[in-house]
Structures are given as structure tokens and as C-alpha cells.
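In what follows, a structure is listed as C-alpha cells, so that the remarks can point back to it.
The values are calculated or read from the model by the stated rules, or taken from the named source; none is laboratory data. Note that the structure is a prediction, hence the values are computed from the model and not measured. Positions of Cβ are backbone-derived with ideal geometry, glycine not excepted, and every protein chain shown enters the neighbour counts.
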């Protein structure tokens, strides 16, 4: 469960302010539900979160094909027209997604995302759900 939501929000803002070109930051659960966002519209953040659930599942399926891999997705970067999409594992059942324009350098972005995940650690953990309820 996310603790101290106001503190969490300022951390997302800090990521946004530290890297030029970030359009939206979304924190989501493994089942594609938006936990938090910074920037963008709520409906757009919900669509991104839902799409990320499928993407992290696909990335994990591919990861098991790498010899010695534990099958867990760590980071996906997709270059799109006019920008980049980043999805990073951020704890048990939680992910951090960022949409950014072309000003962002992928190496810098992933390093800042990794730093944020380390700093907020357990705050990004989403408990498992069953039938829409936290278990």
C-alpha cells in the first residue's frame, strides 16, 4: 500500500522536474490499475496503466527465454515517433511508467527512474488483488 501519498507525489514531481521532456509519469499495479500519476490526464494515465499490464507480461514471457534469467522484467524502453516510453519494475506487483518527448536521453531517464525506485522502495509496492479487492 502506498504510504504518505503527499510525499509520494512530490517524488514523482521531482522526477518530472529533473529530466527535461517528461510528459507523464504513472505508477501502476501489475494488473494495470493506476496507483498514482504526475502530468497528463487521469483517463490517459488509466489507459497507459492498462496497456502496461500487457507489456510487462509480454516482457516477462520473453525474459524466460534468456538462459539464466529469472523471467522478471526490469526495464522496457520503446522509441516512438517524437518520444520514448519507459516501463520499469518498481517493487512487488508495482511498475513505474514514463512517457517523454525526444529531449530525454534514454540512459539518463532510466538512471533517474532507477534512483526513484530505490528511494521510495516499499511505497511502490502494490498488494495483490482478488476480485477487485486487496488480499
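Being within 20 Å of residue 84 (Cα to Cα), touching a helix residue (DSSP H, G or I) at 6+ places or on another chain (Cβ under 7 Å), surrounded by 15 or more Cβ atoms within 10 Å (Cβ to Cβ) and modelled with pLDDT under 95 is the requirement here; does residue 12 meet it?
Values: within 20 Å of residue 84 (Cα to Cα): yes; touching a helix residue (DSSP H, G or I) at 6+ places or on another chain (Cβ under 7 Å): no; surrounded by 15 or more Cβ atoms within 10 Å (Cβ to Cβ): yes; modelled with pLDDT under 95: yes.
Criteria not met by residue 12.
Taken as a whole, the structure leaves residue 19 outside the set of residues that are over 21 Å from residue 105 (Cβ atoms), touching a helix residue (DSSP H, G or I) at 6+ places or on another chain (Cβ under 9 Å) and buried (at least 17 other Cβ atoms within 10 Å of the Cβ).
Confirm whether residue 48 is crowded, with 16+ Cβ neighbours inside 10 Å and either under 14 Å from the mean Cα position of the chain (by Cα) or without any contact (Cβ under 8 Å) to a residue 60 or more places away in the chain (or both).
Values: crowded, with 16+ Cβ neighbours inside 10 Å: yes; either under 14 Å from the mean Cα position of the chain (by Cα) or without any contact (Cβ under 8 Å) to a residue 60 or more places away in the chain (or both): yes.
Taking the combined requirement at face value, the residue satisfies it.
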